[in-house]
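Q: Okay, handing you the structure first.
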Amino acid sequence: MDSTIIIMLVVAYLLGSIPSGVWIGKIFYGKDIRQFGSGNMGTTNTFRVLGKKAGIIVLLVDMLKGTLAACQPYLFGSHINVLIIGCAAVIGHVFPLFARFRGGKAVATSAGILLAYSPLFFLVAWVIFLTTLYLSSMVSIASMVGMTLITLLSLFFFHDYILTLIALALTIFVFYRHKGNIARIRSGQENLVPFGLVYKRQHQKK
């Protein structure tokens, strides 16, 4: 394997390993978010534990990790597909070197990779995610539905088979990482965001 590709993969993994939620929580709030809420270090738990401002920052940082990692082939003039390099950032986010290999669920970082690969498709993905989030009031459902539809759209509308294969792999991985959420959804105990149709309907009953 070309040494440049190896360097890009290592850098992508290290970028993905940056535990933004953990570091921001400890430095600015004196909290380890892994000890609160769902115990996850990702965006959703950051919103829940630290609030909107911290959540937005973590979301942007986690996306930026994927974007910067995936943009490396452009910087190095390499012909390797940016999605392949970006996947190393996803691995780093899920199994972070700097957080004892216990990371997030890879949704935000995957979105960052998509931004580097296709800004148009990135916007489409955000519309899908936000629409599903509003309808369900659940980040977990929005994440899983969003990844599934991205895979289908890349195959049937964009005819991008490399993106389809990688999106399919990431979709399976995201579903696996959300297995606890799936169990809570089935039992009606999944956490809701404080907006959207399901949230409004539940609060109207009270």
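Here, each number is a calculation from the coordinates, and none is a lab measurement. Remember, it's a predicted structure, so these values are computed and weren't measured experimentally. Cβ atoms come from the backbone with ideal geometry, glycine included; neighbour counts cover every protein chain shown.
Q: Normalise the Debye intensity by I(0) for the chain, one equal point scatterer per Cα, no solvent, then take log10 at q = 0.11, 0.12, 0.17 Å⁻¹ and round to two decimals.
A: Log10 of I(q)/I(0), two decimals: -0.51, -0.60, -1.17.
Q: Among 5, 46, 159, whose Cα lies farthest out toward the positive end of the dipole of the chain, if unit charges sit on the beta carbon of Lys, Arg (+1) and Asp, Glu (-1)?
A: 46
Q: Which FRET efficiency value, to the nearest 0.05, is calculated for residue 131 and residue 184 with the Förster distance at 25 angstrom and r the Cβ-Cβ distance?
A: In this case the efficiency is close to 0.70.
Q: Can you put 80, 113 in order of Cβ neighbours within 10 angstrom, beginning with the fewest?
A: Going from sparsest to densest Cβ surroundings: 80, 113.
Q: Using only Cα atoms, what is the ratio of the radius of gyration of the stretch 1-104 to 2.2 N^0.38 Å?
A: Taking the Cα Rg and dividing by 2.2 N^0.38 Å, one obtains 1.13.
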